[in-house]
Every structure is written in structure tokens, then in C-alpha cells.
1. Could you tell me the relative contact order of the chain? Use alpha-carbon pairs under 8 Å, at least six residues apart, and round to a whole percent.
2. Report in % the part of the accessible area of the range 34-175 that belongs to carbon and sulfur, leaving out ligands and nucleic acids; probe 1.4 Å.
3. For the range 38-146, which GluC sites (Glu not before Pro) are both in a DSSP coil and crowded by at most 11 other Cβ atoms within 10 Å?
4. Karplus couplings for the range 2-8 from phi (6.51 cos²θ - 1.76 cosθ + 1.60, θ = phi - 60°), rounded to Hz, Gly and Pro as x?
5. Compute the length gained on full extension between Phe24 and Met1: take 0.36 nm times their separation in residues and subtract their Cα-Cα distance, giving the result in nm to one decimal.
6. Just need the relative contact order of the range 136-229 here, percent rounded to a whole number, with Cα pairs under 8 Å and 6+ apart.
7. At 7 Å along the Cα-to-beta-carbon direction for both Leu196 and Glu127, put a label point, then send me their distance in nm to one decimal.
8. Which whole-Hz ³J(HN,Hα) couplings does the range 182-192 yield from phi under the Karplus relation 6.51 cos²θ - 1.76 cosθ + 1.60, θ = phi - 60°, glycine and proline marked x?
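The values are calculated or read from the model by the stated rules, or taken from the named source; none is laboratory data. The structure displayed is predicted, hence computed values, not measured ones. Note that we place each Cβ from the backbone using ideal geometry, even for glycine, and neighbour counts take in every protein chain shown. With ligands, DNA and RNA removed, areas are computed over all heavy atoms of the protein, side chains included. Shrake-Rupley method; radii C 1.70, N 1.55, O 1.52, S 1.80 Å.
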Amino acid sequence: MITLFITVIPSILILFYFIKSDKFKEPKKIIIMTFLLGVMITVPAGYLNHYILKIFSNGEVINDALIGGFFAGGFVEEVLKFLVLYFYILKEKAFNEPMDAIVYGITVSLGFATLENFDYVYFHSTEYNISSLETAIIRSISAIPLHAVCGVMMGFYFGMYAFVSGGKNLSLALIVPYIFHGTYNFMVGLEGYYYLIVILIAIVFSLSLHSKFKKLQALKTDEHEDKIV
């Protein structure tokens, strides 16, 4: 029971914080659907990651860390999250201000992270010669926060794209979280705890982005803004 609690609760707590920090709350139906889509995309992500690793992994530490970081992990997973925002969230009427993009970005990311975490804790922990409980604890302070902050970054630039200045922000919505996610996964593939530095930098950066939208939102009395795309 403790293992299950640590596996699931960190994602829920982080998600709850960002939902509550939104001055104009989003419809529960869309929040739930976005979370479930995040859960669902773990399936194609798992197959694609496995296929890429099978083809390009050669047993060399640097090569496998690069493949696992910037192709099988960071690229595949962030692209799938991005597609949920672009093809589902962008067309929703409830998506009507920049902060909404952060809320939905972190929701899809943590939906993904929740099922992925369950898989690692209960089905892959033996591959690393540690218990399920230890895996849950380690990932609660590493992979879960990493997915969350990547969702904030993606949401920030997606919100900028949809409501502020369009253009290159759409590319940044994918590129910026991809760089952080890929770098984190690459560091995990090496010896040491350098990946914790990546997480720390990512947390500080994502909170600064979130703060920018919170300050803009605090000046508003009405939520609605027209999309420019």
C-alpha cells in the first residue's frame, strides 16, 4: 500500500497545485480527458521507445545514453504530449487564455508520468536490482517532477503561441521540454547523480514561466482572450 501511495500521489499533488493556482478554473471534464489522454499515449510511447532502443542500442554507455535520452525518451514522449495539446486542447472553447496551456500541459504530462511510473515500479524495478518501494521513492523526486516541469514549459510556449505572438513559440513548445527531458534521460544513463542538477534547473525555470502567467492573470477580471491562431 505504501508503494502504491508513493507511486501515484506525487503526480496528483503536483497536478492539484497547478490546478488550484489557476485563477479561472478549467472544466473538470477536459482536465480528466486530458489526463486520460496522457495515460493512453504511454502505450505508443512504450512501443516506439522499445523499437528505437532495439535498433540503435549497441551496449556502449554513451551511445545508449544518447539514444535513450534524445530519441527513445525525450523525443518520442514530448512529441506525443505535444500532439494532445495541438490536436485536442487547441480547438477547445475552454482553452481561452495563456494559463490554460500550462494547466493542460502539466495535466497531460502527469497523466503520462502516472502510468509510466506504475510500470517502472511494479514491472521494471528488478532490472535495476532495487525494490519496488525504492523505485517509487527515487522516481517521486526525479522522473515525476521532470515530467511535470516539462509540461509547464510546453504549456507556457503553447500559450504564447495561441494567444500572444504565435510564430516560433509553437516550435519552442516542443523544443524546450525536449531539451530538458533528453538531457535528463542522458544523465540518468550515465553514472552519478548529475540528472538531479537538470531537475533543479528545470524546476527553477518552469516556476519562473508559471509566475509570468500568474502575474498576467492576476491583473485580469475576465478569463477570455481570443486565440490568434
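1. Working: 331 pairs, mean separation 65.4, N = 229.
Averaging sequence separation for qualifying contacts and normalising by length gives 29 percent for the chain.
2. Values: 4190 of 6040 Å².
So the carbon and sulfur contribution to the accessible surface is 69 percent.
3. Values: sites: Glu60, Glu77, Glu78, Glu92, Glu116, Glu127, Glu134; in loops: Glu60, Glu92.
Those satisfying the criteria are Glu60.
4. Residue by residue, the range 2-8 yields 5, 4, 4, 4, 5, 5, 9 Hz.
5. 4.8 nm
6. Values: 77 pairs, mean separation 35.2, N = 94.
Across the range 136-229, relative contact order equals 37 percent.
7. 2.4
8. My calculation for the range 182-192 gives x, 5, 4, 4, 4, 5, 4, x, 9, 6, x Hz in order.
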